[in-house]
């Protein structure tokens, strides 16, 4: 787009520009940017199916089927995507995104037993895969309300084991 067309497009969308004010880019030429926020929580769980006996749970899930459970220091990565705001250049205010993640996920998981104390995980095998998809479901609406799209949920159970979920195909 040439400068004259850009100036005309900007005036139509934003009104007359003041001297020295940067010319905002038209929406159709704005880049799509991914923004990632990291949060942390600690939680306990037990891998096992209630319809299996302890022997079968131990054979399938190993030491993670300990009847008393075990814990992890999880790292949660939430990736959102959108176009930078013409005035602030932010895709999303990270403080607001962090507050949404804490309200809808972290505050409900931190220092809890996922199998017993988290209503939205009740009756599920609390693998990292299940946890990651459940976090997606919890954040999808609140993130959209911020004017951005949820792109990816990544949960690190250990430094060697991570799960990513990008929503249903």
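Considering only residues in region 63-75 that are in contact (Cβ under 8 Å) with a residue 12 or more places away in the chain and in a helix (DSSP H, G or I), the one that is surrounded by the fewest Cβ atoms within 10 Å (Cβ to Cβ) turns out to be 64. Selection of region 137-148 for residues being surrounded by fewer than 16 Cβ atoms within 10 Å (Cβ to Cβ) and touching a residue at least 60 places away in the same chain (Cβ under 8 Å) yields only 147.
This table checks each residue for (1) within 23 Å of residue 149 (Cα to Cα); (2) part of a strand (DSSP E or B).
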| site | (1), (2) |
| --- | --- |
| 37 | yes, yes |
| 40 | yes, yes |
| 49 | no, no |
| 52 | no, no |
| 55 | no, no |
| 106 | yes, no |
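Comparison of 60, 78, 100 shows that the only residue that is in a helix (DSSP H, G or I), touching a helix residue (DSSP H, G or I) at 6+ places or on another chain (Cβ under 6 Å) and assigned by TED's automatic domain parsing to the domain that holds residue 133 is 100. Inside region 123-146, residues that are more than 14 Å from the chain's Cα centre (by Cα) and more than 19 Å from residue 72 (Cβ to Cβ) make up a count of 1. Of the residues in region 82-100, not one is within 25 Å of residue 160 (Cβ to Cβ) and surrounded by 12 or more Cβ atoms within 10 Å (Cβ to Cβ).
The values are calculated or read from the model by the stated rules, or taken from the named source; none is laboratory data. These numbers come from a predicted model, not from an experiment. Note: ideal-geometry Cβ built from the backbone for every residue, glycine included; neighbour counts use all protein chains shown.
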